[in-house]
Amino acid sequence: MEYYLVISILMFFIGIYGFITRKNMIAILISLELVLNAVEINFAVFNRYLYPEQMEGMFFTLFGIAITAAETAVALAIIINAYRCIGNIDIDNLNKMKE
């Protein structure tokens, strides 16, 4: 159980670090996906080791995967539209969309 949690913690903090330090929207989206996947690993691991006869953690994991896929599709659509409007996907240039 400890190995899964260590991997999950590493993924979570790498995602947080990437989310804070990156300027590219695709890199920010990938960092956000790392954070969400770390949470889903935790759901599955805690369900497997604490309540192996129940399936709530697995259902939360599947629900999280579905939410993550929908969130990625919406975010990619926003990023593509931002690229079409301003020509790049750096978050520093998003203020140009207000004009």
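Kyte-Doolittle mean at least 0.5 and Cα extent at least 30 Å along the axis: which DSSP H helices of the chain qualify? Mind showing how you got there, number by number?
Numbers: long enough: 25-50 (37 Å, 1.48); 56-86 (44 Å, 1.45).
Long hydrophobic helices here: 25-50, 56-86.
Between I67 and I20, 0.36 nm times their residue separation minus their Cα-Cα distance comes to what?
14.7 nm
Once label points are set 7 Å from the Cα along Cα→Cβ at both L94 and V6, what is their separation, rounded to one decimal in nm?
Once both label points are built, they end up 3.6 nm from each other.
Work from the charge dipole of region 36-99 (Cβ charges, +1 for Lys and Arg, -1 for Asp and Glu, about the Cα centre) and give the residue of F59, Y49, N93 farthest towards its positive end.
Positive-end residue among those listed: N93.
What does the charge dipole of region 38-99 about its Cα centre add up to, to the nearest 20 debye, if the Cβ of each Lys and Arg holds +1 and the Cβ of each Asp and Glu holds -1?
Working: 4 positive and 7 negative charges, 42 e Å.
Its charge dipole is roughly 200 debye.
Considering only protein heavy atoms and a 1.4 Å probe, what is the carbon-and-sulfur percentage of the accessible area of region 1-42?
77
I need the shape label for region 2-67. Rule: rounded when a/c is under 1.5, else prolate if a/b > b/c, else oblate, with a, b, c from the alpha carbon gyration tensor.
It is oblate, given that a/c is not under 1.5 and a/b is not larger than b/c.
Could you state the accessible area per residue of the chain in Å², with a 1.4 Å probe and every protein chain left in place?
Here the per-residue accessible area is 72 Å².
Compare the peptides 59-71, 38-50 by average per-residue count of other Cβ atoms within 10 angstrom and give them in order, highest first.
Ranked by mean Cβ neighbours within 10 Å, highest first: 38-50, 59-71.
The values are calculated or read from the model by the stated rules, or taken from the named source; none is laboratory data. Everything numeric here is computed off the predicted structure, so don't read it as measured data. Using ideal geometry, Cβ is built from the backbone for each residue, glycine included, and neighbour counts are taken over all protein chains shown. Calculation scope for accessible area: heavy atoms of the full protein, side chains included, ligands and nucleic acids excluded. Shrake-Rupley method; radii C 1.70, N 1.55, O 1.52, S 1.80 Å.
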